[in-house]
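Heads up, the thing below is written out as structure tokens.
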Amino acid sequence: MDQKPLEQKIKDIISISLWQFEGLPERITNEFDVLLTTYSCDEVILAIDSLMPKLQIEEARAREYAGNSGMAGEYHMAIGMQLYYLQQCLALLRGQQSTT
């Protein structure tokens, strides 16, 4: 069994190199469905809530350097997509939570 902390598992999921600017890529929603077979919805939401400010700090740092090089700009965009996916996952989980 994979012993990674829940927060790292979530970061691995949203770090998937997929670009979809509306909604979530199916692969990400599928990975979260698998995660929810091991963890409760509340546990996943708490981990996302913990991960969100860390990614926001990382995104702010990346934004500072985004204009300095192409790679820095790409890194900034990748962190921005991770934040977007995390926000979408959080909304999806909270929606599921309210229907149960």
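The values are calculated or read from the model by the stated rules, or taken from the named source; none is laboratory data. Being a predicted model, the structure only gives us computed values, none of them experimental. When we count neighbours, we look across all protein chains shown, and the Cβ atoms used for this are built from the backbone with ideal geometry, even at glycine. SASA here: full protein model, heavy atoms, side chains in, ligands and nucleic acids out. Shrake-Rupley method; radii C 1.70, N 1.55, O 1.52, S 1.80 Å.
Check whether at least one residue in region 63-70 is exposed (fewer than 15 other Cβ atoms within 10 Å of the Cβ), under 17 Å from Lys9 (Cα atoms) and polar (S, T, N, Q), and report yes or no.
Checked region 63-70: no residue is exposed (fewer than 15 other Cβ atoms within 10 Å of the Cβ), under 17 Å from Lys9 (Cα atoms) and polar (S, T, N, Q).
Please count how many residues of region 71-97 are open to solvent by less than 20 Å² (accessible area, probe 1.4 Å) and in contact with a Cys (Cβ under 6 Å, 6 or more places away or on another chain).
The qualifying residues number 1.
Quick one: Leu46 ticks every box in (1) modelled with pLDDT of 85 or more; (2) touching a helix residue (DSSP H, G or I) at 6+ places or on another chain (Cβ under 6 Å); (3) of a type outside the set (Phe, Trp, Tyr) bar one, so which box is it?
Every listed condition holds for Leu46 apart from (2).
Could you grab me the full set of residues in region 37-62 that are open to solvent by less than 50 Å² (accessible area, probe 1.4 Å) and of a type in the set (A, V, I, L, M)?
Val44, Ile45, Ala47, Ile48, Leu51, Met52, Leu55, Ala60, Ala62
(1) surrounded by 11 or more Cβ atoms within 10 Å (Cβ to Cβ); (2) modelled with pLDDT of 90 or more: which one isn't true of Asp33, the others all being true?
That leaves (1) as the condition not met.
Quickly run through region 32-74 and pick out the residues that are more than 15 Å from the chain's Cα centre (by Cα), in a helix (DSSP H, G or I) and not hydrophobic (A, V, I, L, M, F, W, C).
Within region 32-74, Asp42, Arg61, Arg63, Glu64, Tyr65, Gly70, Gly73, Glu74 meet the criteria.
Regarding Ile10, is this residue surrounded by 12 or more Cβ atoms within 10 Å (Cβ to Cβ), part of a helix (DSSP H, G or I) and either at pLDDT 90 or above or not acidic (Asp, Glu) (or both)?
So Ile10 passes the test.
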